[in-house]
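FYI, it's all coordinate maths here, none of it is from the lab. Everything numeric here is computed off the predicted structure, so don't read it as measured data. Positions of Cβ are generated from backbone atoms using ideal geometry, with glycine treated the same way; all protein chains shown enter the neighbour counts.
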Amino acid sequence: MIKIIEKIDELRKTLKEYRKNNKTIGFVPTMGYLHEGHASLIKRSSNENDITVVSIFVNPIQFGPNEDLDKYPRDLERDKKVAVENGANIIFHPKVSEMYPEKLYTFVNVENLDKELCGAKREGHFQGVATVVTKLFNIVNPDRAYFGKKDAQQLAIIKKMVKDLNFDIEIIGCEIVREEDGLAKSSRNSYLNQEEREAATILKKTLDKIREMIDNKETNVKKIIDMAVENIEKEPLAKIDYVEIVDLYTLEKVEEIKNDILVAMAVYIGKTRLIDNFDYKFN
Ligand code: PAF
């Protein structure tokens, strides 16, 4: 039977018992509305740990004033089913008042890695993510924590934060899970109508074209980005937020492809902002 816990104290007490019995704890932080991408993280955690905790918390401090906090999709009953089916033992589902009982004076900033990509477009977003993940890590105190590679910048930021602040937690990045036509799974896909859903395949199709150019030894980033922009602009429902090629580790923009890189994009399909990426390694 899966336990649904809303209170921090109760979660701590429960996990203390498991730890006393030398059980390992895997942690999958989420904002709910679980899809197959989350399912793959939960499954991996339950294969690699004795106990898996899934947190479901739509974190208000990572949403900007014009973002989709209020309409962010929620469905606890369905989430429960996905969590159980994939081997989770505990869902931590705190209220906002439990996580933020008073005005927060302490924030976690991971500098530099938040300058490009989504960080440049969503001011304060990664501060909100790093802060809530720190709080969740301190509450759950897991052995391993699982994050999807779809949020590549988030994963890089969490890894650096864990290193810089000496969290004794192994961070595991898991591959992007896709629909049959290539669209990366995302809770936000549920906002798309049928026409938009079809248009949304432009992200993966463009990423594939970029990969092909790099495979064919194109190293000039401007040429690649120009091709990508032209390709996306052919789709009338798509509006580019950014298409960037950055160093895979520093997340700084590059002009020429020489070392390992991350190719990432954010594109509005109608009103819905979708992200996708791939990394390209040379050895
Ligand atoms: O990736 C997400 O769903 C969120 O950013 C996270 C890591 C759960 C923090 O709120």
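Just a few scattered comments:
- Residue in region 211-224 that is under 24 Å from SER40 (Cβ atoms) and either touching a strand residue (DSSP E or B) at 6+ places or on another chain (Cβ under 8 Å) or crowded, with 16+ Cβ neighbours inside 10 Å (or both) present: yes
- Remark: pairs (first residue in region 29-54, farther than 13 Å from ILE90 by Cβ and more than 15 Å from the ligand (Cβ to nearest atom); second residue of a type outside the set (A, V, I, L, M, F, W, C) and in a loop (DSSP other than H, G, I, E, B); Cβ separation under 6 Å; 6+ apart in sequence or on different chains) = LYS43/ASN86.
- Of all residues in region 150-163, those being part of a loop (DSSP other than H, G, I, E, B) and away from the ligand (no atom under 11 Å from the Cβ) number 0.
- Among (1) outside any strand (DSSP E or B); (2) more than 18 Å from the chain's Cα centre (by Cα) - the single one ILE91 does not satisfy: (1)
- Out of LYS23, LYS3, one residue alone is within 18 Å of LEU76 (Cβ to Cβ) and not small (Gly, Ala, Ser). It is LYS3.
- Lone unmet requirement of (1) over 30 Å from LYS23 (Cα atoms); (2) buried (at least 18 other Cβ atoms within 10 Å of the Cβ); (3) over 16 Å from the mean Cα position of the chain (by Cα) for ASN112: (2)
- Top-ranked residue in region 55-66 [being touching a residue at least 12 places away in the same chain (Cβ under 8 Å) and not in a helix (DSSP H, G or I); ranked as surrounded by the fewest Cβ atoms within 10 Å (Cβ to Cβ)]: GLY64
- The residues of region 84-125 that are among the small types (Gly, Ala, Ser) and in contact with a helix residue (DSSP H, G or I) (Cβ under 6 Å, 6 or more places away or on another chain), listed by number, are GLY87, ALA88, GLY119.
- Flag for LEU192 being under 26 Å from TYR72 (Cβ atoms) and more than 16 Å from the ligand (Cβ to nearest atom): yes
- Considered as a group, the residues in region 170-187 that are in a strand (DSSP E or B) and either among the hydrophobic types (A, V, I, L, M, F, W, C) or in contact (Cβ under 8 Å) with a residue 60 or more places away in the chain (or both) include one that is surrounded by the most Cβ atoms within 10 Å (Cβ to Cβ), and that residue is ALA184.
- Taking region 199-217 as the range and being in contact with a Phe, Trp or Tyr (Cβ under 9 Å, 6 or more places away or on another chain) and outside any helix (DSSP H, G or I) as the test, no residue passes.
- Some residue of region 4-21 being within 19 Å of the chain's Cα centre (by Cα) and not polar (S, T, N, Q): no
- Contact map, region 67-78: residues that are under 27 Å from LYS3 (Cβ atoms) paired with residues that are among the small types (Gly, Ala, Ser), Cβ distance under 8 Å, separation 6+ or inter-chain. Pairs shown: TYR72/SER187; PRO73/GLY32; PRO73/SER187; PRO73/SER190; ARG74/GLY32; ASP75/GLY32; LEU76/GLY32.
- Of residues in region 110-145 being β-branched (Val, Ile, Thr) and within 17 Å of VAL58 (Cβ to Cβ), the one farthest from the ligand (Cβ to nearest atom): ILE139
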